[in-house]
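To start, the structure under review is shown below, and the notes come after it.
The values are calculated or read from the model by the stated rules, or taken from the named source; none is laboratory data. From a predicted model like this one, the values you see are computed outputs, not experimental measurements. Cβ sites come from the backbone with ideal geometry, for glycine too, and all protein chains shown count toward neighbours.
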Amino acid sequence: MMQHFIHLSRYTESDFYLYNHDKLIDTLEQCKADGRPTILFGVSFALMDFAEKYTIDYPELIIMETGGMKGQRKELPKSEMHRRLQSSFGVSSIHSEYGMTELSSQLYSTGLGAFDQNLFLRAKIKDITDPLSLAQEGKQGIVCLTDLANIDSCSFIMTEDTGYINEINQLVLTGRLDMSEARGCNLLLTEIG
């Protein structure tokens, strides 16, 4: 997906920056100075690694985090991770993508870690102690996803993520089950334009 965005961008700064933090901070500072609209996509652990090494006051920057810590760092509640990223980047909110390789659809959040459900991807919460039963309304449990766009593969997944459905039917992620498997892609890039 990120390679596709880089290919569509007309800016040479659109690239992968995993572990090349010096180049990334230089690029972000240049984009800020030039007033270019910029999106920084990254898995959570990579964004946290970068944010602990550098700070930049860049309120116009859009940050899209995805993917969790992948076993690279201790899992943090989304609210705490977002607070730290907001402080390091000088932004008012952190956007999030939530999905899995096995899914065709994703959920998105424009802040506060609450993900809007859509026509194709829906979440239900199962009881942590009895995964065959639904959790009580508003209570934390195991996130189970139904992806109706997955017509040729698995449409139902019981994740190892924990969360709850809030009063306006958004999925709020709270963490991972203990001893859960690290999964997913490991990318950090910036998209200019």
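Observations on the model:
- Per-region count, region 145-193, residues modelled with pLDDT of 85 or more, of a type in the set (Asp, Glu) and part of a loop (DSSP other than H, G, I, E, B): 1
- Residue match in region 121-138 (condition: modelled with pLDDT under 95, among the polar types (S, T, N, Q) and under 18 Å from the mean Cα position of the chain (by Cα)): no
- Single unsatisfied condition, Met100 versus (1) over 15 Å from the mean Cα position of the chain (by Cα); (2) closer than 21 Å to His4 by Cβ: (1)
- Val143 being touching an Asp or Glu at 6+ places or on another chain (Cβ under 8 Å), closer than 23 Å to Met69 by Cβ and of a type in the set (Val, Ile, Thr): yes
- Note on region 79-99: among residues that are closer than 15 Å to Pro59 by Cβ and of a type in the set (Ser, Thr, Tyr), the one that is surrounded by the fewest Cβ atoms within 10 Å (Cβ to Cβ) is Ser92.
Residue-by-condition table, conditions (1) under 24 Å from Gly113 (Cα atoms); (2) of a type outside the set (Phe, Trp, Tyr); (3) surrounded by 16 or more Cβ atoms within 10 Å (Cβ to Cβ):
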site	(1), (2), (3)
Leu8	no, yes, no
Tyr17	no, no, yes
Leu24	no, yes, yes
Ile39	yes, yes, yes
Phe45	yes, no, yes
Pro77	yes, yes, no
